[in-house]
Amino acid sequence: MARALPRPRCPLATVRRWYEEELGWPTTGTEPVQLLTGLRFDVLEMPADAGHAVLRRMPHTGPVALLRPERGGKQAEDRPKLLMLIAAGGAEELPGILEWLEWGTLAADLTARGAGGRMPAPAIPSEGRASGGCGTREAAGWVRPPQPGYEAENSLPTTGIGTGIGDGGGAPDLVRLVSAAATECHRARLVRARNGQSDRACGAQPLAFSNASRMSAGTRPRSLTL
């Protein structure tokens, strides 16, 4: 008689259990696994080229994930995106922060996911290291993974009570993070336009409004003074 073998453990169940039990982050309970935003954290979303420039400028942030585009996508909105975790409630503050920084629609590539939103659950990192890419099931992978065993929310950029860039390596204040992200998003748009890449997803905002031209016109973004 053939020996009955146990059924293999479902990878999706493993992923869901890791996020819910190890980190305490709620998931959608769907396939593929998605993380609910607006409860334990919100998300800043930006093109990957701009996001990696922000990471080079800020070596310490909260967890960061890379969202890969859908297969076969060729539009501007199908580019890889970087998802930066911020404190819950930060998504609601983003429009006001951009307005205060005098960026207006120039930072159209910088968006946020907050209450009622969700993000793909990245592949589980190996021993606290980055995911090193996306698995066959995952749409995202960790660039800066969360660390199980402590409250990840303590490392998330926030306003008011958040830590500053120069205070010993803590996560940057949300305003400074948004300032850097808006600057790099605009710079990346100009580079893509110069290289002849499509930017149709960013609307009809003229790309001629570079930081230099705005400074000449007396409308230098407040973000450049932070």
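A few remarks follow.
- Qualifying residue in segment 71-92 (condition: surrounded by 15 or more Cβ atoms within 10 Å (Cβ to Cβ), modelled with pLDDT of 90 or more and assigned to a helix (DSSP H, G or I)): yes
- Every pair of residues 6+ apart whose Cβ atoms lie under 6 Å, when the first sits in segment 102-114 and is more than 27 Å from Arg40 (Cβ to Cβ) while the second is not in a loop (DSSP other than H, G, I, E, B) and not aliphatic (A, V, I, L, M): Glu102/Arg222; Leu106/His186; Ala108/Cys202
Table: residues versus (1) within 12 Å of the chain's Cα centre (by Cα); (2) under 17 Å from Arg176 (Cβ atoms); (3) open to solvent by 50 Å² or more (accessible area, probe 1.4 Å).
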position: Ala50; (1), (2), (3): yes, yes, no
position: Leu55; (1), (2), (3): yes, yes, no
position: Gly62; (1), (2), (3): yes, yes, no
position: Leu98; (1), (2), (3): no, yes, no
position: Glu102; (1), (2), (3): no, yes, yes
position: Leu110; (1), (2), (3): yes, yes, no
position: Gly116; (1), (2), (3): no, no, yes
position: Met119; (1), (2), (3): yes, no, no
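- Taking every residue in segment 41-57 that is without any contact (Cβ under 8 Å) to a residue 40 or more places away in the chain and pairing it with any residue that is open to solvent by 10 Å² or more (accessible area, probe 1.4 Å) and aliphatic (A, V, I, L, M), at least 6 positions away or on another chain, the pairs with Cβ-Cβ distances below 7 Å are Ala48/Leu66.
- Residues satisfying the stated conditions in segment 18-44, i.e. under 14 Å from Pro157 (Cα atoms), open to solvent by 10 Å² or more (accessible area, probe 1.4 Å) and part of a strand (DSSP E or B): none
The values are calculated or read from the model by the stated rules, or taken from the named source; none is laboratory data. This one's a predicted model, so the numbers in the text were calculated from it and none came from an experiment. Virtual Cβ from ideal backbone geometry, glycine too; neighbours counted across all protein chains shown. These accessible areas exclude ligands, DNA and RNA; they are computed on the full protein's heavy atoms, side chains included. Shrake-Rupley method; radii C 1.70, N 1.55, O 1.52, S 1.80 Å.
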